[in-house]
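A short write-up of the structure that comes next.
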Amino acid sequence: MSAQAETPFPPGALEREAETADTRRRWLLSLPAIAIIVCAAAGPLLVMVIYSFLTPGDYGNVKWEFSLEGWMNTIVQRDIFDDTLIWADAHLSIFWRSFSLSLITTILTLIIGVPTAWFVATQPPGRREFWLFLVTVPFWTNLLVRTIAIQELIRSEGVINLVLLKIGIIDEPLQMMFTDFAIGFGMTYVYLPLMVLPVYAAVDKLDFRLVEAAHDLYASRWTAFRRVILPLIKPGIIAGSILVFVPCLGAYVTPRVLGGGKNLMFGNLIELQFGAGRNWPLGAALSLMLMAAVMVALIFYVRITSREKADG
Amino acid sequence: MTSQTAHAEPAEAAIADTTAIAVDVDRVSKIFRGETEVRALDDVSVGIRKNEFFTLLGPSGCGKTTLLRLIAGFEPPTMGAIRLGTRDISRLPPNQRPINTVFQNYALFPHMSVAQNIAFGLEMLGKPKAEVQRTVDEMLRLVRMEELKNRRTSEISGGQQQRVALARALAPHPEVLLLDEPLSALDLKLRKDMQIELKRLQHETGITFIFVTHDQEEALTMSDRVAVMSAGKILQVGRPRDIYERPAERFVANFIGESNFLDATLSGGTVELAAGGRFDVRVPEGVRDGAVSVLVRPEHASVRSGEAAEGETGATVENVVYSGEATVVHLRLATGEAMKIRLANAPQGGEAPPQTGGAAAIRIAPGAVTVLKD
Ligand SMILES: Nc1ncnc2c1ncn2[C@@H]1O[C@H](COP(=O)(O)OP(=O)(O)OP(=O)(O)O)[C@@H](O)[C@H]1O
Ligand SMILES: [Mg+2]
């Protein structure tokens, strides 16, 4: 520092100049990214917010008249005959079903996905690619096709029922189609790779010498898992849970095909407003509500999991 | 065991001997079967005594880590048995062995603080909270890490990590501590400090240390006994002095310190060097009269300029290398054999070392000649 006293600039001036140039360059370089974020995320979001405060058009679309009806309709309904307001408990029950089914699906993918990821990650290096390939194969097929395949498995004359009838475990076919079970089963299948991949990445990074160290220090297999492995692969588990839970909440195809018309999920409810319901503002408001719910859920989840970390 | 107590004197002596053994490695082999079969340990037997600082020394890939991993329980032996005292622990999982390891890369838990790392083993043993706390504090003091106890292990230096690894392994007070090249990642200065510290810790805790290194100086300065390994076998076990001065084989002599190997003829208890000179020697088991190879350490002989007199061997000086505390004189004997001699340097003005190209006379100290097995 003292050597700088001889330069004609006051101390720090050169650094500051370099810093501003640096900042300018950084802004310039990130312009494309910013443009994409604005066009792809902020823009549509803004449209949704505006639409949610407009009046439904007669044949879909919106009229440019300000209205709170869209937001009101998310929780109350105007009775068609006497114009009184009643709770929109259909919306609430649909929301609740979406939430609980998504939660159950996330837990199921955790139970199945973590051991699967573990299995793949502990294979000898040459064989891992093969197993990873198998995990990702479903991605190569259209979601609708995969869902219809599930339908083929679980419908009354489907493979599962046929087999169970043959070996005499059941006397008449189980009704699995068009139930919450069908939706949960389908979503677990569809979103499982999204759990396996991030957990695999975490297990792959895990230093197995730490597991040996835990055993060396008298940890049983279970304690070593709980005290050492689990905390270290937690980032992967968090990422996987988010990747499964969020799209589950808004799932549309799977509940539509496997749940039939009765067992709607939130995604179908929203779709209904933009389609047959012809109530775009309500659809927009419901979408925004879903977004808010996802964000709250994520914040809670991350809070809880990171607090555990701080406690050790 | 109970039947042995009734035995007569010689057997009792044998019992006394086995009770002093902490870890008994009995004819252990380890074969890794992959694309090719690797015999990492080949019929290894060694008894490591209680409270001993025992070092496994050998070149890379000779099986040091494998032996440690077998003792720790991370791998089962393919053949043979490992006993702790007299109890066979070969099939016991690592968490049931009163043995702890300081890993080569330390393997500290990155999601825990320094103190939590040290507490881990004690907690796993189900010690009460107060005792865990007390032992952790004691360990932190022992390795001089009190101020850093709440740091994350990723936020401390390599030397500090090493001390935490040591404290973590010592905290449960194991019967045996295994150390796999714990100093290899440290710079020279820190390494010397830690060598002293390790010796101090071993002394204060009274725990048996099994230490792995491929640094011969480290092995000689720190150990009570050293086992020299090569290609999955233990070639020689002994005190540092025995290993250095009485190596059994050429490999051991070569691996530890500088060596001159000379041709000689053995008859009875004396050897006659091909280059001249008779010496009384101790004949190792299995070596018969006839042509043998002998070892002379460079500092166990002296050289002066001039023609050889009675009891000296003549040679020509090929090179003289000054290296601070010593001067190494490279010589060519009449037989054509090369020999180097290390002379301690006297203050300037003392006797000058021989000059390159000149004639020289070598005097080998009595007892400096060791007959090698091969
Ligand atoms: N899991 C394994 N599978 C196959 N071969 C192995 C395995 N572990 C070790 N080996 C082989 O066994 C031999 C001994 O290995 P080891 O790790 O014990 O050597 P080392 O003496 O500790 O060497 P270094 O000083 O380099 O650490 C080597 O040839 C090594 O390649
Ligand atoms: Mg090794």
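The values are calculated or read from the model by the stated rules, or taken from the named source; none is laboratory data. Values in this document were obtained by computation on a predicted structure and should not be read as measured data. Neighbour counts run over all protein chains shown; Cβ positions are idealised from the backbone, glycine included. Side chains included, ligands, DNA and RNA excluded: accessible areas come from the protein's heavy atoms. Shrake-Rupley method; radii C 1.70, N 1.55, O 1.52, S 1.80 Å.
Quick notes
- Volume of the Cα convex hull of the protein assembly as shown, divided per residue and given in Å³: 328
- Potential lengthening between B:Ser29 and B:Leu92 on full extension [0.36 nm per residue; Cα-Cα distance subtracted]: 21.0 nm
- Chains A and B together, accessible area buried on both sides, 1.4 angstrom probe, square angstrom: 2000
- Spin-label model distance (nm) - A:Asp171 vs B:Asn345, 7 Å beyond Cα toward Cβ: 10.4
- Exposure of B:His300 as accessible area (Å², to 10), given a probe of 1.4 Å and all protein chains: 50
- One Cα centroid belongs to the range A:251-285, the other to the range A:46-110; the line between them spans 10 Å.
- Taking a Cβ cut-off of under 12 Å around B:Thr78, the surrounding Lys, Arg, Asp and Glu residues balance to a net charge of 0, with basic ones at +1 and acidic ones at -1.
- Chain B: most fluctuating residue of B:Pro59, B:Pro128, B:Pro353 per GNM, C-alpha cutoff 10 Å: B:Pro128
- Taking the Cα centre of the range A:1-154 as origin and assigning +1 to Lys and Arg Cβ atoms and -1 to Asp and Glu Cβ atoms, the resulting dipole is close to 700 debye.
- Exposure ranking of B:Cys62, A:Cys39 by accessible area [1.4 Å probe, largest first]: A:Cys39, B:Cys62
- Other residues lying with their Cβ under 15 Å from the Cβ of B:Glu310 contribute a combined charge of +1, Lys and Arg counting +1, Asp and Glu -1.
- Sparse packing (at most 10 other Cβ atoms within 10 Å of the Cβ) combined with a DSSP loop state is found for the following GluC sites (Glu not before Pro) in the range A:52-157: A:Glu157.
- Highest-fluctuation residue, A:Leu272, A:Leu85, A:Leu108 considered, GNM on chain A with Cα pairs under 10 Å: A:Leu85
- Residue mean of other protein chain beta carbons inside 10 Å, B:114-123: 3
- Diffusion coefficient, µm² s⁻¹, Stokes-Einstein with Kirkwood Rh over alpha-carbon pairs of the range B:298-374 at 4 °C and 1.567 mPa s: 100
- Probe 1.4 Å, all protein chains present, accessible-area order of B:Arg141, B:Arg342, largest first: B:Arg141, B:Arg342
- Looking at the protein assembly as shown, the DSSP beta bridges with both ends there are about 80 percent antiparallel.
- Ranking by accessible area, most exposed first, for A:Val38, A:Val211 with a 1.4 Å probe: A:Val38, A:Val211
- For the range B:93-107, Karplus couplings with θ = phi - 60° (6.51, -1.76, 1.60), whole Hz, Gly/Pro x: x, x, 6, 10, 9, x, 10, 10, 10, 9, 6, 4, 9, 6, 6
- Out-of-range pairs (alpha-carbon distance over 30 Å; input A:Lys234/B:Lys127; A:Lys234/B:Lys149; A:Lys234/B:Lys64; A:Lys234/B:Lys189; B:Lys189/B:Lys373; B:Lys199/B:Lys233): A:Lys234/B:Lys64; A:Lys234/B:Lys189; B:Lys189/B:Lys373
- For peptide B:90-103, the mean count of partner chain Cβ atoms within 10 Å of a residue's Cβ comes to 3.
- Each residue of chain B gets 201 Å³ once the volume of the Cα convex hull is shared out per residue.
- Alpha-carbon centroids, the range B:76-136 and the range B:143-187: separation in whole Å: 14
- For the protein assembly as shown, calculated [θ]222 nm from helices alone, where every DSSP H run of n ≥ 4 adds -39500 (n - 2.57): -14000 deg cm²/dmol
- Solvent exposure of chain B as accessible area per residue, Å², 1.4 Å probe: 48
- Around the Cα centre of chain B, unit charges on the Cβ atoms of Lys, Arg, Asp and Glu (plus for the first two, minus for the last two) sum to a dipole of about 1060 debye.
- Per-residue average of Cβ from other chains inside 10 Å of A:206-215: 6
- Placing unit charges on the Cβ atoms of the charged side chains and taking the dipole of the range A:89-310 about its Cα centre, the candidate lying farthest along the positive direction among A:Gly267, A:Ala219, A:Ala90 is A:Ala219.
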